[in-house]
Each structure stands twice: as C-alpha cells, then as structure tokens.
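The values are calculated or read from the model by the stated rules, or taken from the named source; none is laboratory data. Keep in mind it's a predicted model, so treat the numbers as computed, not measured. Don't worry about glycine lacking a Cβ; one is built from the backbone with ideal geometry, like all the others, and counts go over all protein chains shown.
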Amino acid sequence: MNTVNSVQALRAAVAEARRAGKRIGLVPTMGNLHSGHIQLVTRAAEHADFIVATIFVNPLQFGANEDLASYPRTLTADQEKLQQAGCHLLFTPTVEEMYPNGMGEQTRVSVPGVSEGLCGSSRPGHFEGVATVVSKLFNMAQPDVAVFGEKDFQQLAVIRAMVRDLNMPIQIIGEPTVRAADGLALSSRNGYLSDEQRAVAPALYRELQRVAAALQGGDNAFEPLLNESARQLESAGLRVDYLEVREATSLRPATADDRDLVVIAAAFLGKTRLIDNLHLKR
C-alpha cells in the first residue's frame, strides 16, 4: 500500500490503475480506524479492483465547541490496518492541501431536506462540511464506487442525495453498522468513554431494539413509544439529544402508512455524543 498526501499524486496513482483497466473504490474516513472501518474496505474490494482510503479530519464539519483538536489521530496504526485489509492507496492530505485558499473562501455544497433536523439541528453546518469534503474527495479520486457506514445514517442519506442531484457517476454503498458484543455501535469517539460510561452505553442500542420491535409489531403510537425509551435512557444516565422514527429514504417524520423506517438517535454520555440507528421494513 502506498501513502500519498497530494492531489497530484492521488490522481496519478488512480490514473495508472485506470489504464490497467481497474475499477476504483473509495473509502473516506477521519482515521483512528476500528473494525467497522476495515469492513468498509472489505466491502469496497467486493465491488472494485483498486481501493483508495482517505484519512482527513475535516475542520469544515466541526462546530466551534466540538472535538476537532482532540479527535484521535493514529496514522501509523491506521496504515497497518489498511495494508492488512488489502487497501492499495492511502490519501492523507493536510488542511492546506484540501483548502488551499482557506476555508472562508471555499465553495460549499449544501444538501437540503435530508440534512435538516436530527444531527443537522444539533450540529449546524456539519452536513455542509461533510458534503463539501466528500464532493472534493469524489472529484479528486474519481471513484466508480464509494462505501460509507450505515451508523452515520443521515450522513449516508446526504451523500446519496448529493450524488443523485449533482449527477455524479458513483455507486454509493451503505455498509451495516459493526457492533461490539454488547451491541454498542463501533465509533472512534467510543474511546472517550470511561469504563463506567462504556458499561452504560449499550442502553442506546437496547432502546432502539425495543422501539423497532414495537414498530414491527404494528405499534403506530410513535410519540409515547419514543417518550418511554427516552425516559429509560435518561434513567440509565444518558442525555437524549434526539430519538425519532423517520421514513428511511427522505428522513421526513414517519407516518403510520410508512413501511421503510429508521429509528434514529443521538445521546450524550458525559461529554461523549453517541449516535445509532436501526433500519427496518414492515
């Protein structure tokens, strides 16, 4: 696996792979990789011959009081994991390489509808930052296919909408959430949790399961169902940011007639913000 940090070197390596008749797969990440990220690489290899991973902690998607400075950066360990997973090329640009004219002068990509509400309300500007950096990475790498985790369900919906609306010839694949044995969705931010908090954290997934089971059983009384789960989470020590049932494609609030649903939540455990979801069809 080669590691490059310039757009020029990235494009040269991708062009060489294309000349060899290879199909290009892209896995964008912010690093501090865990087995969920590696599963994205494995999935990309099922659909492409030349796998490009990117590691870039994108300042444009972090709010003023968020964890940009403290976000874990573990490049050497990440390189080892990617090489073992069969990744061919790693792109690790600097902020200056990604935003040579500064972020204030950067053209931004805004995706209305699916980016609104949920994390879009809690983290203003976040999805504009995500859509902008992913659009840039797509233009730099020109992949045939790109793989994203379903844990970040709203992010995946934003990227799908962007690709559709801007006519990008890229297949977007969502990879199911990888979980620890107790159900907690794997996340780079889980490392912020104390041992006591880590023991409490699986409560979020348990409540999502409880709500999903009720929906599968035909329960359409969304509000009391969600209110009870919120109470359970608060009792366990989590502070609920949001807990909702949405239509899975548009992410609009679900109705009793909807069949493709996602139960989606964000909650704080101490200072750590956990997100999770369960996608179901009934």
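Listed values, structure above:
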item	result
Among the residues listed as Leu261, Leu243, Leu233, the single one being closer than 30 Å to Glu46 by Cα and free of Cβ contacts under 8 Å to residues at least 60 places away in the same chain	Leu261
Pairs where the first residue, in the stretch 176-201, is among the basic types (Lys, Arg) and the second is buried (at least 17 other Cβ atoms within 10 Å of the Cβ) and in a helix (DSSP H, G or I), C-beta under 8 Å, 6+ apart	Arg179/Tyr205; Arg198/Asn190
Filtered residues of the stretch 107-153 (kept if among the acidic types (Asp, Glu) and out of contact with any strand residue (DSSP E or B) (no Cβ under 6 Å at 6 or more places or on another chain))	Glu116, Glu128, Asp152
Every residue from the stretch 219-230 that is assigned to a loop (DSSP other than H, G, I, E, B) and free of Cβ contacts under 8 Å to residues at least 24 places away in the same chain	Asp219, Ala221
The stretch 2-39, residues that are on the phi > 0 side of the Ramachandran plot and surrounded by fewer than 17 Cβ atoms within 10 Å (Cβ to Cβ)	Gly21
Selection from the stretch 202-217 of residues that are without any contact (Cβ under 8 Å) to a residue 40 or more places away in the chain and closer than 14 Å to Glu228 by Cβ	Ala203, Arg206, Arg210, Ala213, Ala214
Positions within the stretch 103-140 being farther than 20 Å from Glu244 by Cβ, outside any helix (DSSP H, G or I) and under 16 Å from the mean Cα position of the chain (by Cα), in sequence order	Gly125
Any hit, the stretch 226-241, residues being within 21 Å of the chain's Cα centre (by Cα) and either within 21 Å of Ser122 (Cα to Cα) or surrounded by 15 or more Cβ atoms within 10 Å (Cβ to Cβ) (or both)	yes
Residue in the stretch 141-160 that is nearest to the chain's Cα centre (by Cα), counting only those that are part of a helix (DSSP H, G or I) and surrounded by fewer than 21 Cβ atoms within 10 Å (Cβ to Cβ)	Leu156
Residue that is surrounded by the most Cβ atoms within 10 Å (Cβ to Cβ), among those in the stretch 176-204 that are touching an Asp or Glu at 6+ places or on another chain (Cβ under 6 Å) and within 30 Å of Val145 (Cβ to Cβ)	Ala185
Number of positions in the stretch 49-58 that are closer than 17 Å to Thr92 by Cβ and without any contact (Cβ under 8 Å) to a residue 60 or more places away in the chain	4
Filter result for the condition that a residue is touching a helix residue (DSSP H, G or I) at 6+ places or on another chain (Cβ under 8 Å) and closer than 20 Å to Gly117 by Cα, over Leu243, Leu186, Leu238	Leu243
Boolean, Gly218 is touching a Phe, Trp or Tyr at 6+ places or on another chain (Cβ under 8 Å) and either of a type in the set (Ser, Thr, Tyr) or over 25 Å from Gly117 (Cβ atoms) (or both)	no
Subset of the stretch 1-34 (residues that are out of contact with any helix residue (DSSP H, G or I) (no Cβ under 9 Å at 6 or more places or on another chain) and among the polar types (S, T, N, Q))	Gln8
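Every residue, every condition in (1) at positive phi; (2) at pLDDT 95 or above; (3) crowded, with 22+ Cβ neighbours inside 10 Å; (4) not assigned by TED's automatic domain parsing to the domain that holds Lys22, yes or no:
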position: Val41; (1), (2), (3), (4): no, yes, yes, no
position: Ala45; (1), (2), (3), (4): no, yes, no, no
position: Asp49; (1), (2), (3), (4): no, yes, no, no
position: Leu60; (1), (2), (3), (4): no, yes, no, no
position: Asn65; (1), (2), (3), (4): no, no, no, no
position: Leu82; (1), (2), (3), (4): no, yes, yes, no
position: Leu89; (1), (2), (3), (4): no, yes, yes, no
position: Thr94; (1), (2), (3), (4): no, yes, no, no
position: Gly102; (1), (2), (3), (4): yes, yes, no, no
